[in-house]
Amino acid sequence: MSPDTALVPQPTLDDFPEFVSIPIRIARNAAAWPDKRAVMCEDKARAWRDFDRRINRIARTLAGMGIGRGDKIAILAANSIEYLETFMGGLRVGACVVPLSTMAAADALEKMLDDCDAKVLFLSQQYRDLVEPYEDRLGKLIDGGRIAYDFRRAGWRDFEEWRERASDAPFEVPISQLDDFNIIYSSGTTGLPKGILHSHIMRDMLAVRFTAFEYGPDSVSLASTPLYSNTTLVAVLATVGLGGTTILMPRSDVVKFLETAQRERVTHAMLVPVQYQRILAHPDFDKYDLSAFKAKLSTSAPLRAHIKADCLKRWPGHLVEIYGLTEGGASCTLVADLHPDKLHTVGQPGLGSEIVVLDEQGKVLPQGEVGELAGRAQLMMKGYYKQPDKTRDLFWHDDRGQLFFKSGDMGRIDEDGFIVLLDRKKDMIISGGFNVYAADIEVMMLRHPDVIDVAVIGIPSEQWGESPMALCVRRAGAGVSEDEIRDWANGQLSKTQRLVAVEFRDSLPRSTIGKIMKRELREPYWAGRTARI
């Protein structure tokens with residue numbers, strides 16, 4: 001997809017005359033606060049001056065290889081300062097950056113690398129085994145386009161040696177607001193994941209709009225989820241863009257998170273729901289001084305109401321839940337401390353977005369009725385990279401011809417305009433012709449004192465087609481049985497919701513950004529049958 005074209009209509013310069021690209025923001029930050037810390041990771045730190053100069057070297061080295069506007073560079077590595085420098089250096093030379101999931105299988109990564117047309121690949125030792133099986137088939141990589149962060153191997157160039165000969169003098173290429181910024185590959189799909197293509201204006205406006213959550217030059221933002229995730233990037237780019245300090249954690253760890261937050265006087269963190277659950281459950285949580293927090297953000301999956309309530313009681317600062325698609329469109333914000341009676345919702349449409357609820361025929365449903373959420377906003381992706389048909393599959397137009405993205409999420413709009421999120425459309429259970437929403441059952445089951453985590457899935461039923469089943473994690477030391485939990489739940493559920501069974505699990509499978517992998521949970525029960533798994 002050309003930087004100048006997009007299947008999805010994009011804003012004009014008149015819409016956002018204040019546009020300043022992230023690479024230019026970094027240079028300005030370096031001039032304003034040369035000695036202030038820009039980024040930290042474990043025992044290393046870079047001041048803004050050094051961060052900016054190293055980015056210049058990377059951009060110049062890429063330019064010397066022939067990389068320029070719209071070319072793709074890919075990164076497969078754990079969080080590190082070098083990763084962030086590479087990302088920003090790629091942007092500064094005008095390239096589109098493709099951060100790859102370290103959770104993807106080798107065959108999926110091979111497809112992504114081919115699909116995105118990457119000319120350069122940056123790789124760390126930890127993930128060599130995800131590349132080496134098909135290394136000889138990466139024909140789109142240019143000569144010298146294999147860069148190793150922390151290992152030596154024939155055919156690969158050492159990262160520091162690769163960049164050290166270039167000048168660190170200021171480097172700038174013209175960047176348009178509609179130029180390609182990154183491709184984020186979707187997760188949880190079969191076959192080739194969809195490459196979500198974002199523009200520079202979409203990313204720059206994160207910095208502008210996150211000032212509403214008190215991000216700014218004095219922010220100290222702790223990132224404990226992977227940089228390949230849009231969840232992580234939205235907070236990191238806001239911090240970098242506004243001149244704050246970004247602290248990167250190579251992996252999520254509750255104790256290290258709490259220790260770092262206390263020691264560094266962290267003001268902001270973007271976390272996923274399972275992290276809130278684990279951090280608040282740590283026996284020493286209340287011993288840590290987290291008083292510097294201004295705001296904690298949550299996204300990627302619904303944050304349970306009881307966890308929000310616990311967080312409001314025990315963790316200083318605002319609690320902000322953000323619901324939205326990586327593709328853009330539907331967007332909601334709930335500042336939980338300002339709306340304590342709406343903790344069961346994901347908030348109201350914000351940031352210039354509009355949300356409607358659609359029935360199966362694509363007609364708008366009245367307020368209060370359940371259907372598929374669809375949304376529109378000023379800022380939306382340019383499209384799925386090289387997949388126009390799948391891009392069009394998202395489209396829904398209202399009677400004024402305005403484009404909305406269908407979300408695949410089921411929900412309703414309450415009497416006050418707050419969005420109540422239910423299930424993914426593909427996860428909805430259809431039992432005896434009735435729609436059963438796992439989220440409703442899960443919320444109820446979490447009220448049981450011995451249930452600390454739960455996922456409800458549909459399993460085959462000769463009588464009803466499929467029936468709900470609950471997979472539960474028990475509180476440590478609890479002696480309650482599976483049948484007792486099932487009977488307790490069924491005593492409170494409607495006939496169509498009643499559980500056919502309860503099974504205990506030690507833990508539930510989650511992605512690196514905390515989403516329960518329901519497809520993986522369903523698959524064994526539907527093996528050999530036709531089902532939406």
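Where a number appears in this text, it was derived from the coordinates with a stated rule and is not lab data. All figures in this text were calculated on a predicted structure; none of them were measured in a lab. Neighbour counts are summed over all protein chains in view; Cβ atoms, including those assigned to glycine, are modelled from backbone coordinates with ideal geometry.
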Quiz item: Rg and Dmax of the range 346-441, using alpha carbons, in Å: what are they?
Solution: 14.0, 41
Self-check item: Taking N as its residue count, the alpha carbon Rg of the chain over 2.2 N^0.38 Å
Solution: 0.98
Quiz item: Given a Förster radius of 60 Å and the C-beta distance between Glu462 and Ala169 as r, what FRET efficiency does 1/(1 + (r/R0)^6) yield to the nearest 0.05?
Solution: 0.25
Exercise. For the range 22-199, report the translational diffusion coefficient in µm²/s to the nearest whole number, using Stokes-Einstein at 10 °C, 1.306 mPa s, and a Kirkwood Rh over Cα pairs.
Key: 96
Quiz prompt | Computed lengthening from Asp399 to Ala305, 0.36 nm per intervening residue step minus Cα-Cα distance | solution = 30.3 nm
Quiz item: Which shape class, rounded, prolate or oblate, goes with the range 431-533 when its Cα gyration tensor gives a ≥ b ≥ c as root eigenvalues, a/c under 1.5 marks rounded, and past that a/b bigger than b/c marks prolate?
Solution: oblate
Quiz prompt | Ranking of His306, His344 by count of other Cβ atoms within 10 Å, fewest first | solution = His306, His344
Practice problem: Loop sites only, by DSSP: take the GluC sites (Glu not before Pro) in the chain that have at most 10 other C-beta atoms within 10 Å and name the longest stretch containing none of them. | Solution: 19-359
Self-check item: Equivalent ellipsoid, the range 199-242 (semi-axes from 5 times Cα gyration tensor eigenvalues, Å)
Solution: 15, 14, 7
Exercise. Report the full-extension gain for the segment Asp506 to Arg265: residue separation times 0.36 nm, less the Cα-Cα distance, to one decimal in nm.
Key: 83.3 nm
Quiz item: What are the aspartates and glutamates whose alpha-carbon lies under 15 Å from the alpha-carbon of Lys342, with same-chain residues fewer than 8 places away excluded?
Solution: Asp310, Glu321, Asp414, Glu415, Asp416
Quiz prompt | Residues of type lysines that Lys386 reaches as a straight line, Cα spacing below 23 Å, ignoring anything fewer than 8 places off in the same chain | solution = Lys72, Lys111, Lys119, Lys140, Lys194, Lys406
Quiz item: Separation between the Arg447 and Val254 pseudo-spin-labels, each 7 Å from Cα along Cα→Cβ, expressed in nm?
Solution: 2.6
Practice problem: Would you compute, for the Cα atoms of the range 252-423, the largest minus smallest coordinate along each principal axis and list the three values in descending order, in whole Å? | Solution: 55, 39, 24
Quiz item: Cα extents of the range 69-173 along the three principal axes, largest first, in whole Å?
Solution: 40, 28, 26
Quiz prompt | Sequence-distant residues sharing a close amide H with Val220 (under 5 Å, placed H) | solution = Thr245, Thr267, His268
Quiz prompt | Those trypsin sites (Lys or Arg not before Pro) in the range 433-533 that DSSP places in a loop and that have at most 10 other beta carbons within 10 Å | solution = Arg529
Self-check item: Whole-Å distance, taken between Cα centres, linking the range 444-520 and the range 286-313
Solution: 25
Self-check item: Residues whose placed amide H lies under 5 Å from that of Asp158, excluding near-sequence neighbours
Solution: Ala148
Quiz item: How far is it, in nm, from the label point at Ile142 to the one at Glu160 when both lie 7 Å from their Cα along the line to the Cβ?
Solution: 2.6
Exercise. Quickly estimate the mean residue ellipticity at 222 nm for the chain, helices only: each DSSP H run with n ≥ 4 gives -39500 (n - 2.57), and the total goes over all residues, rounded to 500.
Key: -7500 deg cm²/dmol
Quiz prompt | Karplus-derived HN-Hα couplings along the range 413-418 (A = 6.51, B = -1.76, C = 1.60, θ = phi - 60°), whole Hz, x at Gly and Pro | solution = 10, 7, 5, 9, x, 8
Quiz item: Roughly speaking, what is the stretch gain from Ala527 to Glu42, that is 0.36 nm per residue apart minus the C-alpha to C-alpha distance, in nm to one decimal?
Solution: 170.2 nm
